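Visitor: Questions regarding the structure given below will be posed in turn.
Every number here is computed from the coordinates shown, using simple stated rules; none is lab data. A quick note: this is a predicted structure, and the numbers were derived from the prediction, not measured. Here the Cβ positions follow ideal geometry from the backbone for every residue, glycine too, while neighbour counts run over all protein chains shown.
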Amino acid sequence: MPLENSIILDLPNFKILKVTGTPKLTFHVEHEEIQKCPYCTNEGLRKKESFTRCIRHTLYGQRVSWLELKTHKYQCRRCKRYFNTRLPGVKPRARATEACKLEYTKLHQNGWTQRSLSKSYKLGSATIERWYQSYYQLKNREYDNALCPRIVGIDEHFFTRKDGYATTIANLSSHKVFDVVLGRSELSLRPVLNKLKGKDRVKVVVMDLSETYRSIVRKQFSNAMIVADRFHVIRLVNQQFIKTWAEIDEIGRKHRGLLSLMRRHPDRMREDQRENLNQYLEKVPGLKSLYLFWQDLLRLLRMKRLTKRECRKILTEYLWIIDELKKIPFKHLQILGNTLERWKEEIARMFRFSKTNGITEGLHNKMEMISRRAFGFRNFENYRLRVRVLCS
Ligand SMILES: [Zn+2]
């Protein structure tokens, strides 16, 4: 019954002759496929000497299983070359089946240390490491020919103190990492981006307010629309307003309770909190109008999924705010006004879209976990390998 045999072993065309349990679980099998020459696919072969092969297979229960079978050395009658019996699911000369390698790799990936695997199943830890690496390299190669996603998020994250920052290119439609590149300057990104395939497919790129990224994207993704990332824009606005607040009332700014209240969304405030904040705002001259102006700007920046007509209305309001910011005699607000003006097109597009780099930030968390689990990476290529396999 070859069908049942292949269900038990999960390998095609093997026939189980006998199973023995001592000293180890062994399937004595026979391979039923007709051998062909691997070099010229000729079926005319001369059988030379035979030998017994013992191959490690997947776990059964908690027991390691082994396949034992008789194999041959062959010579092709046409091309005269020699080869040994080829088995499906087993690489030539391998001492474990591919299914077995995958099983141990998954166990290791899910948290079993090499040491405990090695102890439990009597296997060298270097072997597990080798299987693990080759699995990752295989997986990684699958991504090499991938086409660029339509909606891309670009953001930086910290890699190591020695190598500094790395840039994440995320697929915002599928919430996955497309690639990671060491560095965040144009010089370090260019060679990688030059090699990407399907760059004209990219329609939208979401990014923080970084001039370098903007110029790279304009050059590399000619069809893409650049959209500012809401999270970063709002963070920048908050930073500049808090700095201005410190200029008006330095002592109040250092009060942690007040800081928390100032930053809080007005809808998420309790009644007593709102009262406290109001009392404080009345006390310091000029602060209340600053606060209201700040909240107005934030309310505007939180708008999303607007229609074209709604956008136009918002835009006039937005341009008015920029003008006002530049007129206010505070250094940080003038800086903010200038930045918002330089990025006004990208921010205006933000009102139309809902995608943000919040997804990319989430992926950064996952990437940090990968890094921590490995006790940090020294080699960026190894890090990239893991990130691409585990976050793609
Ligand atoms: Zn041949």
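Visitor: Divide by every residue of the chain the summed helix terms, -39500 (n - 2.57) for each DSSP H run of at least 4, and state the resulting mean residue ellipticity at 222 nm, rounded to the nearest 500 deg cm²/dmol.
Guide: Dividing the helical sum by the residues of the chain leaves -15500 deg cm²/dmol.
Visitor: Mind pulling up the Rg/Rh value for segment 96-144? Radius of gyration and Kirkwood radius, both on Cα. Kindly include the intermediate steps, with their values, before the conclusion.
Guide: Numbers: Rg = 10.9 Å, Rh = 11.0 Å.
Using Cα coordinates only, the ratio equals 0.99.
Visitor: In segment 224-270, which chymotrypsin sites (Phe, Trp or Tyr not before Pro) fall in coil by DSSP and have 13 or fewer other Cβ atoms within 10 Å?
Guide: Details: sites: F231, F241, W245; in loops: none.
Qualifying residues, ordered by number: none.
Visitor: Tell me, what ³J(HN,Hα) does each residue in segment 258-267 have, in order and in whole Hz, if you take phi through Karplus 6.51 cos²θ - 1.76 cosθ + 1.60 with θ = phi - 60° and put x for Gly and Pro?
Guide: Each residue's phi maps through the Karplus curve to give 5, 4, 5, 5, 4, 7, 6, 5, x, 6 Hz.
Visitor: While we're on this one: Under Stokes-Einstein, with the Kirkwood radius over Cα pairs standing in for Rh, what whole-number D in µm²/s applies to segment 220-365 at 25 °C and 0.890 mPa s? Could the numbers behind the result be given before it?
Guide: Working: Rh = 16.7 Å.
Diffusion coefficient, whole number: 147 µm²/s.
Visitor: Let me ask something else. Once R0 is set to 30 Å, what does the formula 1/(1 + (r/R0)^6) return for the Cβ-Cβ distance between R349 and K195, expressed as a FRET efficiency to the nearest 0.05?
Guide: Once the sixth-power term is evaluated, E becomes 0.60.
Visitor: Under a Cβ-only charge scheme (Lys and Arg +1, Asp and Glu -1), can you give me the dipole magnitude of the chain about the Cα centre, in debye to the nearest 20?
Guide: 1660 debye
Visitor: Using all Cα-Cα distances in the chain, what percent lands in each 10 angstrom bin from 0 up to the longest?
Guide: Cα pair-distance distribution for the chain, in percent: 4, 17, 19, 17, 15, 11, 8, 6, 3, 1, 0.
Visitor: Run the numbers on segment 230-352 and let me know its relative contact order in percent, using alpha-carbon pairs under 8 Å that are six or more apart. Display every interim value, and only then the final one.
Guide: Working: 76 pairs, mean separation 38.1, N = 123.
Relative CO of segment 230-352 lands at 31 percent.
Visitor: Take the eigenvalues of the Cα gyration tensor for segment 1-126, scale each by 5, and report the square roots as semi-axes in whole Å, largest first. Don't skip to the answer; put the middle values down first.
Guide: Values: eigenvalues 180, 57, 33 Å².
Over the Cα atoms of segment 1-126, the semi-axes work out to 30, 17, 13 Å.
Visitor: Pop a pseudo-label 7 angstrom from the Cα along the beta-carbon direction at both Q279 and K70 and give the gap in nm to one decimal.
Guide: The answer from the label model is 9.6 nm.
Visitor: Tell me, rounded to the nearest percent, the portion of alpha carbon pairs in segment 251-330 spaced more than 22 Å apart.
Guide: Working: 1202 of 3160 pairs.
In whole percent, the long-distance tail amounts to 38.
Visitor: Another question, if that's okay. Place +1 on the Cβ of every Lys and Arg and -1 on the Cβ of every Asp and Glu in the chain, take the dipole about the Cα centre, and give the residue among F330, L102, F14 whose Cα lies farthest towards its positive end.
Guide: F14
Visitor: Taking a 25 Å limit on the Cα-Cα distance, which of the listed pairs K24/K119; K36/K139; K15/K48 fall beyond it? Mind dumping the intermediate values first?
Guide: Details: K24/K119 16 Å; K36/K139 29 Å; K15/K48 22 Å.
From the list (K24/K119; K36/K139; K15/K48), the Cα-Cα distance tops 25 Å for K36/K139.
Visitor: Continuing with this model, one more query. Whole-Hz Karplus ³J(HN,Hα) for segment 279-294, in order, using 6.51 cos²θ - 1.76 cosθ + 1.60 and θ = phi - 60°, x for Gly and Pro?
Guide: 4, 5, 4, 5, 5, 9, x, x, 6, 5, 5, 4, 5, 5, 4, 4
Visitor: Something else about it: What distance in nm separates the simple spin-label points at Q334 and L147, each placed 7 Å from Cα in the Cβ direction?
Guide: Output for this residue pair reads 5.0 nm.
Visitor: Check the straight Cα-Cα distances from K70 and name the aspartates and glutamates below 14 Å, setting aside those fewer than 8 residues away within the same chain.
Guide: By straight Cα distance, K70 reaches E30, E32, E33, E49.
Visitor: Further question: Mean separation of Cα pairs under 8 Å and 6+ residues apart, divided by the residue count of the chain: what relative contact order is that in percent?
Guide: On the way: 532 pairs, mean separation 46.4, N = 392.
In percent, rounded to a whole number, it is 12.
Visitor: How big is the antiparallel share of DSSP beta bridges in the chain, given as a percent to the nearest 5?
Guide: Counting only bridges with both partners in the chain, antiparallel ones make up about 70 percent.
Visitor: At 0.36 nm per residue, minus the direct Cα-Cα distance, what do S125 and Q295 gain on full extension? Give it in nm, one decimal, please.
Guide: Numbers: separation 170, 0.36 × 170 = 61.20 nm, distance 5.85 nm.
Between S125 and Q295, full extension yields an extra 55.4 nm.
Visitor: Now a separate question. Per-residue HN-Hα couplings for segment 138-152, Karplus 6.51 cos²θ - 1.76 cosθ + 1.60 at θ = phi - 60°, whole Hz, x for Gly and Pro?
Guide: Using θ = phi - 60°, the values come out as 4, 4, 4, 5, 4, 7, 4, 9, 5, 8, 4, x, 6, 10, 10 Hz.
Visitor: Below 10 angstrom from the Cβ of P88, what's the summed charge of the other residues (Lys, Arg +1; Asp, Glu -1)?
Guide: Net local charge, P88 excluded: -1.
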